[in-house]
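Notes follow the structure.
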Amino acid sequence: MTGLLARITTEPIDPVAVNAAVAGPVNGATVLFTGVVRNLDNVQLVTGLEYRFHPPDRSIGTP
């Protein structure tokens, strides 16, 4: 895999194309989240999403 594989788009994401772009024996796992967001949460209007992730665990040698 070479080059930048990121893009911001308003178009639908094709999961087959995403997986094909990153597939390979040296790349490890591929995880692609897709879903639909509800319009209300606890009677509050949902106006956006926030993406959070865990930082690398340096104790196990992750770069």
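Of note:
- Among the residues of segment 36-58, those that are at pLDDT below 75 and open to solvent by less than 100 Å² (accessible area, probe 1.4 Å) comprise PRO55, PRO56, ASP57.
- Some residue of segment 1-15 being open to solvent by 100 Å² or more (accessible area, probe 1.4 Å), at pLDDT below 75 and within 18 Å of the chain's Cα centre (by Cα): yes
- Subset of segment 16-35 [at pLDDT 80 or above and assigned to a loop (DSSP other than H, G, I, E, B)]: ALA23, GLY24, PRO25, VAL26
The values are calculated or read from the model by the stated rules, or taken from the named source; none is laboratory data. Quantities reported herein were computed from a predicted structural model and do not represent experimental measurements. For accessibility, only protein heavy atoms count, side chains too; no ligands or nucleic acids. Shrake-Rupley method; radii C 1.70, N 1.55, O 1.52, S 1.80 Å.
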